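The values are calculated or read from the model by the stated rules, or taken from the named source; none is laboratory data. Since the structure is predicted, the reported quantities are computational estimates derived from the model, not experimental observations. All Cβ positions, even for glycine, are placed from backbone atoms using ideal geometry, and neighbour counts span all protein chains on display.
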Amino acid sequence: MVEEIKRSTRKEREEWIKDANYNLFKLASDQVYIDLLTDSGTGSMSANQYAEMMTGDESYAGSKSYFKLKETIKELFNFDFMLPTHQGRAAENVLFSVLVKEGDIVPGNSHFDTTKGHIEIRKARAIDCTVMEAFDTQIELPFKGNICLEKLEEVLKEHQDRVPFVLITITNNLVGGQPVSLENIMRVRELATKYNKPVLMDSARFAENAYFIKIREKKYNVHSIKEIVREMFSFVDGMLMSGKKDGICNIGGFMAMHSEEWYEKASVFNIIYEGFITYGGLSGRDMGALAIGLREATEFSYLETRIKQVEYLAKKLDRYNIQYQRPSGGHAIFIDAKKILTSVKKEEFIAQTLAIELYLECGIRGVEIGTLLADRDPITRENRYPKLELLRLAIPRRTYTNNHMKVVAKALRNVYKRRHQITKGYIIKYEPSLLRHFSVDLAPI
Ligand code: F0G
């Protein structure tokens, strides 16, 4: 599919962003020139996916498209049980309804915001055990998404009775789409087994993670992406999946597991929240497109092209001395906003300020991964200030060309050149009690 994208003037953008209360989520898509808000559901589907949609089986129960998806999941990840859901967070909702209760502690590597939300809404707590190196954007390491094993063991020891499972997120989205090594997955498994805990994988970008394992973890260089994926999932008890990322679909998700007991319990919640267990909020054609997308995402040539495009943008930024989380990640570049806007105070939302400046400059929409996203502490209601203030530029799959990346780099360079004139950020006019970054209203100081 080819879609028209529209240019605009700075004056128009000034009005639009003001009307959107300086929240980029509130802009209409045709007020955006290059949309790097997310790589979720924004990719282009292939001819084969559209062809599959034409033969989607829309039976309420036991449709052919459901079985196609189930077989694909068995083949790629080797799980016997699976439940489709309308997207990733719905799988979190269903499975956590079975596994997470009040007072629980869920250790992992930078739980995604909806994942954390589904934990916290159950009055449980997510503890981030990501390796420390991930929080220094200039350290160049192959697997900055890894879990720190010492930190994880501390949590497992201290809260033995309260940990329902360990959660590994691949790739680690919030620290820059950074991968987790197979070595780390194995070690996490060993530790979890020692403390008798299951391990779950939040697998939204599993194929990108497998690509990095192939390229950066020597031992696996000779293996195919599919072999690496099978190996990664052989160490875990279940998976949560947003089909909107490495399923290359506009909608869809699922959970899969070995345990029949989990499956049976989760089925009840799936029916209440999502739909019958063989469609879970999806039409037959969506499940068909997801089955094909999952396979296409594990093609090496596709992954190489995609990740090299992210690298292409990174190399341009290197030329302009713009600092970002190094090395560049699987799905996005994360600009280190604190290193650019040195005069904006943390209370004034540094990364959000940079996101607004980039939009004003050229109509490019990124997303803040900083204090707005980190939200307030659920108990003290104080702002949580994360170690990093990042502006994420997420690159949709199979959508933009490298010429678009050139525009992005030039626009950032222009903002960078006038960085010393940007000294003030924003204050909050309105915020909801959870997941505030989606609907917050801001005003310039
Ligand atoms: N897990 C991870 C690691 C994610 O990045 C996301 C979504 C989800 C779970 C939830 O999946 O959107 O299908 O409900 N991330 C998107 C993003 C929204 O922009 O990073 P979903």
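One line per residue, one yes/no per condition, for (1) surrounded by 19 or more Cβ atoms within 10 Å (Cβ to Cβ); (2) under 20 Å from Y302 (Cβ atoms); (3) within 15 Å of the ligand (Cβ to nearest atom); (4) without any contact (Cβ under 8 Å) to a residue 60 or more places away in the chain:
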site: F233; (1), (2), (3), (4): yes, yes, no, no
site: M239; (1), (2), (3), (4): yes, no, yes, no
site: G243; (1), (2), (3), (4): yes, yes, yes, no
site: G252; (1), (2), (3), (4): yes, yes, yes, no
site: S259; (1), (2), (3), (4): no, no, no, no
site: I271; (1), (2), (3), (4): no, no, no, yes
site: T278; (1), (2), (3), (4): yes, no, no, no
site: L282; (1), (2), (3), (4): yes, no, yes, no
Just need a number here: residues in the range 229-281 that are polar (S, T, N, Q) and assigned to a loop (DSSP other than H, G, I, E, B).
4
When the range 213-271 is examined, which residues are found to be hydroxyl-bearing (S, T, Y) and within 13 Å of T85 (Cα to Cα)?
S242, S267
Quick check on the range 76-99: of everything there that is within 12 Å of the ligand (Cβ to nearest atom) and not in a helix (DSSP H, G or I), which residue is nearest to the chain's Cα centre (by Cα)?
Q87
Please work out which one of (1) touching a His at 6+ places or on another chain (Cβ under 9 Å); (2) closer than 20 Å to F300 by Cβ is the condition N221 fails and give its number.
(1)
Being in contact (Cβ under 8 Å) with a residue 40 or more places away in the chain and more than 29 Å from G253 (Cα to Cα) is the filter here, so list the residues in the range 7-30 that pass it.
R7, S8, R10, R13, E14, I17, N21, Y22
Among the residues of the range 217-231 satisfying the criterion of being in contact with a Lys or Arg (Cβ under 8 Å, 6 or more places away or on another chain) and without any contact (Cβ under 8 Å) to a residue 24 or more places away in the chain, which is surrounded by the fewest Cβ atoms within 10 Å (Cβ to Cβ)?
N221
Restricting to the range 106-154, give me the number of residues that are among the basic types (K, R) and more than 16 Å from the ligand (Cβ to nearest atom).
4
State all residues of the range 168-182 that are in contact (Cβ under 8 Å) with a residue 40 or more places away in the chain and away from the ligand (no atom under 16 Å from the Cβ); if no residue qualifies, say none.
L182
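Could you list, in sequence order, the residues of the range 386-435 that are part of a helix (DSSP H, G or I), out of contact with any Lys or Arg (no Cβ under 9 Å at 6 or more places or on another chain) and of a type outside the set (A, V, I, L, M)?
First, the residues of the range 386-435 that are part of a helix (DSSP H, G or I): 402-417, 419-421.
Restricting the remaining residues to those that are out of contact with any Lys or Arg (no Cβ under 9 Å at 6 or more places or on another chain) gives 402-404, 407, 411, 414-417, 419-421.
Of everything in the range 386-435, those that are part of a helix (DSSP H, G or I), out of contact with any Lys or Arg (no Cβ under 9 Å at 6 or more places or on another chain) and of a type outside the set (A, V, I, L, M) turn out to be N402, N403, H404, N414, Y416, K417, R419, H420, Q421.
Each row is one residue, and each column tells you yes or no for (1) modelled with pLDDT under 95; (2) under 21 Å from the mean Cα position of the chain (by Cα); (3) crowded, with 16+ Cβ neighbours inside 10 Å.
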residue: E311; (1), (2), (3): no, yes, no
residue: K316; (1), (2), (3): no, no, yes
residue: R319; (1), (2), (3): no, no, no
residue: I322; (1), (2), (3): no, no, yes
residue: R326; (1), (2), (3): no, yes, yes
residue: I333; (1), (2), (3): no, yes, yes
residue: L341; (1), (2), (3): no, no, yes
residue: V344; (1), (2), (3): no, no, yes
